[in-house]
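Since the structure comes first, as structure tokens, the remarks are kept for the end.
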Amino acid sequence: IIGVKPMFDFGIGADPKASTENITTLNQAGIGLPDMDYYLNPDPSIKKIREQYMVHVAAMFRLMGESENQAKIIASKIFELEKQLAEKSMTRVQLRDIEAQYNKKTLADFIKSNPAFGWAAYFKALGIDTKVTQLIIGQPLFFARIDEVVKSVPVEDWKNYLRWNLISSTAGKLSDNFIQERFNFYGTVLSGSKTLRPRWKRVIQQSDMSLGDLLGQLYVEKYFSADAKKKVNVMVDNLTASFKERINTREWMS
């Protein structure tokens, strides 16, 4: 609901193989670095990013009131937890294989093979326990790993991991010190951006992301008249006719 996705990504959407039906989907998520390679690759440049990531996590916990020493300890444990999740995540190349991520199971079978998490309680808390009968599991090995770490990682570490996911996901809406610290890592270290965009630009982007269609309707009403639409349609028709003419005269195209 608030855009925070610790451990995994939950969603409901059209079944890729039965588009008239909606189905619950579960996919890998829950790591703070872009993908598994950032946790496992021994390359010195990637290792440096890992180190900077832990510095960033510690800095965020200091902003939340933890001591410097405790913040470092928490950051280290969060990294190790995320690393365990990353180890069984699909790579970017593997994620291109859509068929490999279509693993439909009944809820009963999924719970039987992944008993530690408490999926029945999870779906009940979401208010959909009586409606979910089947699921698509994007990455079965990843969810098997979740079942393992739920049993092995101490509750206190999970609490800090959840705190981290909440604060990192919402940092852009908090005070300037949180905003700047998040930008220092995700904007500068990972993306190479030198300067944080002005607040007004960030507000406009957030408004567009949240209310894009509604804002678009208001824009069209004010700036896109019926006459303008006719002119655009003529332009599109001319482009289509031109493409058709060119395609039909290209001998190499069957």
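The values are calculated or read from the model by the stated rules, or taken from the named source; none is laboratory data. Here the structure is a predicted model, which means the values were calculated and not measured. Because the Cβ atoms are built from the backbone with ideal geometry, glycine has one as well, and the counts that use them run over all protein chains shown.
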Suppose we filter region 52-76 for residues that are within 23 Å of GLN28 (Cα to Cα) and without any contact (Cβ under 8 Å) to a residue 40 or more places away in the chain; how many remain?
3
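Quick check: anything in region 190-206 of a type outside the set (Ser, Thr, Tyr), surrounded by fewer than 17 Cβ atoms within 10 Å (Cβ to Cβ), part of a loop (DSSP other than H, G, I, E, B) and touching a Ser or Thr at 6+ places or on another chain (Cβ under 8 Å)? If you could, list the steps in order and put the result at the bottom.
Here is the first cut: in region 190-206, the ones of a type outside the set (Ser, Thr, Tyr) are 190, 192, 194, 196-206.
With the extra rule that they be surrounded by fewer than 17 Cβ atoms within 10 Å (Cβ to Cβ), the set shrinks to 190, 192, 194, 196-206.
Remaining after also requiring part of a loop (DSSP other than H, G, I, E, B): 190, 192, 194, 196-198.
Still in the list and also touching a Ser or Thr at 6+ places or on another chain (Cβ under 8 Å): 194.
So far as region 190-206 goes, yes, one or more of its residues are of a type outside the set (Ser, Thr, Tyr), surrounded by fewer than 17 Cβ atoms within 10 Å (Cβ to Cβ), part of a loop (DSSP other than H, G, I, E, B) and touching a Ser or Thr at 6+ places or on another chain (Cβ under 8 Å).
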Please tell me if LYS173 is within 19 Å of the chain's Cα centre (by Cα) and more than 22 Å from VAL55 (Cβ to Cβ).
yes
Go through region 77-95 residue by residue and tally those that are without any contact (Cβ under 8 Å) to a residue 40 or more places away in the chain and under 16 Å from PHE142 (Cβ atoms).
3
Those residues of region 16-48 which are over 20 Å from the mean Cα position of the chain (by Cα), within 19 Å of LYS131 (Cβ to Cβ) and surrounded by 12 or more Cβ atoms within 10 Å (Cβ to Cβ), in sequence order
ASN22
ILE128 versus (1) aliphatic (A, V, I, L, M); (2) modelled with pLDDT of 95 or more; (3) in contact with a Ser or Thr (Cβ under 8 Å, 6 or more places away or on another chain): which is the lone unmet condition?
(2)
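Out of region 127-147, which residues are without any contact (Cβ under 8 Å) to a residue 40 or more places away in the chain and of a type outside the set (Val, Ile, Thr)?
Filtering region 127-147 down to residues without any contact (Cβ under 8 Å) to a residue 40 or more places away in the chain leaves 127, 129-131, 133, 140, 147.
Correct list: GLY127, ASP129, LYS131, PRO140, ASP147.
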List the residue pairs whose Cβ atoms are under 8 Å apart, where the first residue sits in region 15-41 and is free of Cβ contacts under 8 Å to residues at least 12 places away in the same chain, the second is surrounded by fewer than 18 Cβ atoms within 10 Å (Cβ to Cβ), and the two are 6 or more positions apart or on different chains.
THR20/ALA14; GLU21/ALA14; GLU21/ASP15; ASN22/ILE12; ASN22/GLY13; ASN22/ALA14; ASN22/ASP15; ASN41/LYS47
Can you tell me which residue among SER152, SER169, SER175 is closer than 15 Å to MET60 by Cα and free of Cβ contacts under 8 Å to residues at least 12 places away in the same chain?
SER175
